[in-house]
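Encoded as structure tokens, the structure appears first; notes follow it.
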Amino acid sequence: MTNPVVRSLDEIGDLLKHPSTFRPSVVTSVRENLSVLRVAGRIIQQRPAPTEVDLDRVPVLLVPGFGATDIAMAPMGEVLRRQGHRTFRSGIGPNIGCTLEVADALERRLEVVAERSGERVAIVGWSRGGTLGKLVSVRRPDLVECLITLGTPNTHPLAVSETLAAQIGVLARLRSLGIPGVLGEDCLSGECAREVMAVLEGDFPPGIRYVSLFSMDDGVIDWRACLDPEAEHLEVHATHMSMGADDEVIEIVRDLLAPMPPHPLT
């Protein structure tokens with residue numbers, strides 16, 4: 001069993017004032033790039049194995065990160081199914097749309113999963129997927145059992161590397177040219193952004209466990225932006241791009257979900 005490093009805000013709160021521009025070291029950036037190759041190799045080699053549903057396990061909705069599709073969560077989903085969990089895809093892909101529009105779609109998906117299983121659903125969200133997970137958890141606490149985020153900057157969604165910031169800027173320009181299905185300037189500094197931040201900075205629903213996994217080796221987002229005061233904080237040692245397929249992270253998520261009994265919808 002993996003013993004994650006639990007970090008309290010009292011211990012690391014003095015680091016919460018992260019710089020407005022996040023510049024990872026060269027070594028960290030190289031590790032991120034190499035991890036993409038490892039993750040791609042693992043996904044390509046993934047072969048679904050026969051599994052048996054354990055009705056004493058909570059159903060799980062897996063939400064990919066920015067720019068990714070559900071296939072990015074396949075390694076984690078495979079492990080959770082072997083434990084008896086019913087896992088469900090988000091239906092998001094690629095995750096580059098307007099934040100509120102994608103959150104609306106995820107909320108509808110959550111409703112379908114909850115109705116199909118008849119139980120409250122655990123949400124596991126990677127990066128932006130964790131932000132979407134928090135938004136729908138606040139909207140529909142009656143349908144959510146717990147929220148686990150992986151490298152999700154919920155205190156500052158734009159605390160990202162210059163490379164990712166440039167990519168986001170390109171998408172916003174495409175939206176301004178009338179290209180549909182991508183986020184726009186409104187998601188960065190307009191009404192959409194303000195509405196999202198109002199939810200992220202507000203109270204999280206009581207009775208829903210919220211755990212944020214972060215890595216100081218993250219080369220894509222500033223790890224300090226993952227330290228949501230509403231969440232429990234667990235430190236891991238993965239890169240940002242490998243979190244959904246990293247053995248340590250998957251084992252921690254598995255162990256967090258294992259003792260949670262399913263609760264029927266009320």
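Odds and ends about this structure:
- Each of Thr266, Thr149, Thr99, Thr239 was scored by other Cβ atoms within 10 Å of its Cβ. Arranged with the fewest first, they read Thr266, Thr99, Thr239, Thr149.
- Considering only Val160, Val79, Val27, the mean-square fluctuation computed in a Gaussian network model of the chain, springs between alpha carbons under 10 angstrom, is largest for Val27.
- Base-10 log of normalised Debye intensity for segment 151-240 (one unit scatterer per alpha-carbon) at q = 0.21 Å⁻¹: -1.05
- Student exercise, segment 202-241 dipole from Lys, Arg, Asp, Glu Cβ charges, in Debye to nearest 20: 80
- The charge dipole of the chain, taken about its Cα centre with unit charges on the Cβ of Lys, Arg, Asp and Glu (plus for the first two, minus for the last two), comes to roughly 740 debye.
- Ordering Val249, Thr87, Pro24 by the projection of their Cα atoms onto the charge dipole of the chain, which places +1 on the Cβ of Lys and Arg and -1 on the Cβ of Asp and Glu, puts Thr87 at the extreme positive end.
- All-pairs Cα distance distribution in segment 41-125, expressed in whole percent, bin size 10 Å: 18, 47, 30, 5
- Note on Trp223, Trp126: ascending count of other Cβ atoms within 10 Å places them as Trp223, Trp126, the fewest first.
- Percent of Cα pairs exceeding the 18 Å cut-off, where the set is segment 66-195: 55
- Square roots of five times the Cα gyration tensor eigenvalues for the chain, Å: 26, 21, 19
- Counting other Cβ atoms within 10 Å as a rough exposure proxy, the listed residues Arg109, Arg42 run Arg42, Arg109 from fewest neighbours to most.
Rule-based calculations on the coordinates, nothing more; no lab input. These numbers come from a predicted model, not from an experiment. Here the Cβ is made from the backbone with ideal geometry for all residues, glycine too, and neighbour counts use every protein chain on show.
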